[in-house]
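Data block below; observations after.
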Amino acid sequence: MRHLLNPLDLTVEETYDLIKVAEDIRENPDKYCEVAKRKILATCFYEPSTRTRLSFESAMIRLGGQVLGFSEATSSSASKGESVSDTVSVVGCYSDIIAMRHPKEGAALVASMKSAVPIINAGDGGHQHPTQTLTDLLTIHTYKKKLDNLTIGVCGDLKFGRTVHSLITALVRYPGVKFILVSPEELRIPESIREDVLQKNNIPFEEVETLEDVMPKMDILYMTRVQRERFFNEEDYIRLKDRYILDMNKMKYASDDMIVMHPLPRVNEISVEVDSDPRAVYFKQAQNGVYIRMALIMMLLGLKA
Ligand code: NCD
């Protein structure tokens, strides 16, 4: 039995296989509409979510399976003081696979240690979010036809953004990848990512504070939301939240084939006017989240089309 807690739980080959299956699902959805018949996915979400939870549910339903779960801690026995580990042991009796989101770093790992069914980390605090990364890799592969030799700009909250940590962790395995990290001083990537992921793998990267200057060099611009819920004080959040706003004026600095990605939800960091630019792919990215989660559920449950 396998879990997905971190993007590195999948090899480069397995990741590529998932992308291929997801691309086939996108082309031929009917082929897959019964592969998970009589299987149940449980979503245990202790933190708010729209895309991740609903795309997991949509993925399972599109595979012919069924779903159950809770979408906030207050509606589960966590509000009575039950541990994550106990909840998961019980939910594993009611389902075949569990997608879990929790505000604490390492919660999915704790859950996986006791679980009788595969655990998928759907976000653990400011730590990791591997299925968003799979969604991102599928999107990059769709538009760039490759995952290597790319310059990826990542902008916004690089400190608390778990999607950023997972994406960088996954991408350093592809040759010729470079990063341009754009953030205010206070929201730079954590040491663990700078040292153990980027430096350790000899990945070229620069850390800058101004977006416009570096945009012409990017193949991909990955925008992120300032993670309000992880701030210790509201004043800092207010000071930093609107530091980067991507609008059509700034898009003039980007090449014609640069793509703009965002895990969503966005707050102010991308102006609505950018949505109609052909380079804005974030809504297609959200759609890709369903196909790649379908492929992942199939892999973890050993299902074939
Ligand atoms: C992200 C998350 O939850 O980390 N959302 C998502 O899953 N698409 C990004 C965010 O909340 O900013």
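The values are calculated or read from the model by the stated rules, or taken from the named source; none is laboratory data. Just so it is clear, the structure is predicted and the values come from calculations on it, not from any experiment. Heads up, the Cβs are rebuilt from the backbone with ideal geometry, glycines too, and the neighbour counts pull from every protein chain shown. For the accessible areas, the whole protein counts, side chains as well, though only heavy atoms, and no ligand, DNA or RNA atoms are used. Shrake-Rupley method; radii C 1.70, N 1.55, O 1.52, S 1.80 Å.
Observations
- Among (1) small (Gly, Ala, Ser); (2) within 20 Å of Val21 (Cβ to Cβ); (3) near the ligand (Cβ under 10 Å from one of its atoms), the one test that Gly125 misses: (2)
- Inter-residue pairs, beta-carbon under 6 Å, first more than 16 Å from Asp136 (Cβ to Cβ) and open to solvent by less than 60 Å² (accessible area, probe 1.4 Å) and in segment 257-277, second in a loop (DSSP other than H, G, I, E, B) and more than 16 Å from the ligand (Cβ to nearest atom), 6+ apart: Ser271/Asp247
- Per-region count, segment 152-186, residues more than 16 Å from the ligand (Cβ to nearest atom) and open to solvent by 10 Å² or more (accessible area, probe 1.4 Å): 8
- Of the residues examined, Val110 is not one that is farther than 30 Å from His141 by Cβ, in contact with a helix residue (DSSP H, G or I) (Cβ under 9 Å, 6 or more places away or on another chain), free of Cβ contacts under 8 Å to residues at least 12 places away in the same chain and hydrophobic (A, V, I, L, M, F, W, C).
- Candidate set from segment 73-101 (those that are more than 21 Å from Met298 (Cβ to Cβ) and among the hydrophobic types (A, V, I, L, M, F, W, C)); member that is most open to solvent (accessible area, probe 1.4 Å): Cys93
- The set of residues in segment 25-36 being touching a residue at least 60 places away in the same chain (Cβ under 8 Å) and in a helix (DSSP H, G or I) consists of Ile25, Arg26, Lys31, Tyr32.
- Filtering Val267, Val290 for residues that are part of a loop (DSSP other than H, G, I, E, B), aliphatic (A, V, I, L, M), within 15 Å of the ligand (Cβ to nearest atom) and closer than 23 Å to Ser55 by Cα leaves a single hit, Val267.
- The listed residue being away from the ligand (no atom under 13 Å from the Cβ), within 23 Å of the chain's Cα centre (by Cα) and open to solvent by 10 Å² or more (accessible area, probe 1.4 Å), out of Lys114, Lys104: Lys104
Rundown of residues vs (1) within 14 Å of the ligand (Cβ to nearest atom); (2) closer than 20 Å to Asn121 by Cα; (3) among the charged types (D, E, K, R), yes/no style:
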{"residue": "Leu10", "(1), (2), (3)": "no, yes, no"}
{"residue": "Glu14", "(1), (2), (3)": "no, yes, yes"}
{"residue": "Val35", "(1), (2), (3)": "no, no, no"}
{"residue": "Thr43", "(1), (2), (3)": "yes, yes, no"}
{"residue": "Gly64", "(1), (2), (3)": "no, no, no"}
